[in-house]
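Single-structure report; data block below.
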Amino acid sequence: MKEALKFAFPKTIPIMMGYLFLSLSFGLLATSSGIHPLLTLLMSLIIYGGSIQFAGINVLLGAYDPFAAFMLAVMVNARHMFYGITLLESYQSLGWKKYYSIFALSDETFSLTASVNVPDHIDKSWVYFLISLLDQLYWIVGTVLGIFLGNFISFSLRGIEFILTALFISIFVDQWQQSANHRPQIIALATGIICLLIVGPNSFLIPAMLIIIAIFFFVFLREEEER
């Protein structure tokens with residue numbers, strides 16, 4: 001476990017920098033909107049959904065509509081189903097650690113666990129578990145700081161959510177530099193841009209993911225036939 005922690009922690013530092021600022025902005029926004037500090041903290045502990053937490057502020061402040069809230073959560077977090085399919089094989093051997101690792105799977109955690117190369121002498125199950133745990137701890141710490149600062153500071157938070165976009169760009173660049181074959185990144189990028197132009201910014205994510213999975217599936221079948 002100690003060796004896994006020594007290995008996992010440096011890998012999560014870029015995520016820590018992004019999560020601290022993003023969750024701090026969530027804590028600030030929730031507090032300034034009138035959400036109770038305890039409820040704000042519980043959202044980061046139980047929901048831990050990033051963008052859905054920001055959207056959840058308006059849901060809590062709006063009219064009571066549980067069905068609309070449910071559909072919003074499903075649409076915003078539907079991408080996690082695709083992440084889960086990708087990690088089915090990796091998470092099978094985690095034992096009891098897989099239950100929390102599945103719950104704590106986020107965009108950035110997926111990007112890291114899907115690309116990290118764990119040395120043979122380190123237990124992979126602990127690495128995956130600790131990456132998930134560290135990432136959520138960063139989010140919780142940032143939320144607490146945001147709650148604290150929200151009681152003393154009042155200013156416009158418009159545009160602060162771009163931190164998440166910047167974090168994705170940095171992870172993409174890192175994976176591009178580490179990979180010799182850039183075909184998956186090019187396919188994903190081209191598919192996302194095409195779907196964005198055709199469907200629009202509000203609905204392009206799920207169609208893009210379905211098309212990407214279909215392309216990778218047929219590429220996999222072709223490579224298997226060739227082998």
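The combined condition, being touching a helix residue (DSSP H, G or I) at 6+ places or on another chain (Cβ under 9 Å) and farther than 21 Å from Asn151 by Cα, is not fulfilled by Gly27. When the stretch 9-35 is filtered for residues that are over 30 Å from Lys124 (Cβ atoms), in contact (Cβ under 8 Å) with a residue 60 or more places away in the chain and among the small types (Gly, Ala, Ser), the ones remaining, listed by number, are Ser25, Gly27, Ala30, Ser32. Count of the stretch 213-227 residues, restricted to those that are open to solvent by less than 100 Å² (accessible area, probe 1.4 Å) and either hydrophobic (A, V, I, L, M, F, W, C) or modelled with pLDDT of 85 or more (or both), is 6. Could you grab me the full set of residues in the stretch 173-226 that are more than 25 Å from Asn117 (Cα to Cα) and not in a helix (DSSP H, G or I)? Answer for the stretch 173-226, where residues must be more than 25 Å from Asn117 (Cα to Cα) and not in a helix (DSSP H, G or I): Gly200, Pro201, Asn202, Ser203, Phe204. Within the stretch 92-115, the set of residues being farther than 24 Å from Ser44 by Cβ and not hydroxyl-bearing (Ser, Thr, Tyr) comprises Gln92, Gly95.
Scanning the stretch 93-115 for residues that are at pLDDT 85 or above, within 24 Å of Pro184 (Cβ to Cβ) and either among the hydrophobic types (A, V, I, L, M, F, W, C) or over 14 Å from the mean Cα position of the chain (by Cα) (or both) turns up Ile102, Leu105, Phe110, Leu112.
The residue pairs whose first member lies in the stretch 190-203 and is free of Cβ contacts under 8 Å to residues at least 24 places away in the same chain, whose second member is outside any helix (DSSP H, G or I), and whose beta carbons are closer than 6 Å, counting only pairs six or more residues apart or on different chains, are Cys195/Phe204; Leu196/Phe204. Looking at Gly50, Gly18, just one residue is closer than 29 Å to Pro119 by Cα and of a type in the set (Gly, Ala, Ser), and that residue is Gly18. Considering the stretch 147-199, the residues that are hydroxyl-bearing (Ser, Thr, Tyr) and closer than 24 Å to Thr12 by Cα include one that is modelled with the highest pLDDT, namely Ser179.
The values are calculated or read from the model by the stated rules, or taken from the named source; none is laboratory data. Note that the structure is a prediction, hence the values are computed from the model and not measured. So basically every Cβ, Gly included, is an ideal-geometry build from the backbone, and we count neighbours across all protein chains shown. Surface areas here come from the heavy atoms of the whole protein model, side chains and all, with no ligands, DNA or RNA. Shrake-Rupley method; radii C 1.70, N 1.55, O 1.52, S 1.80 Å.
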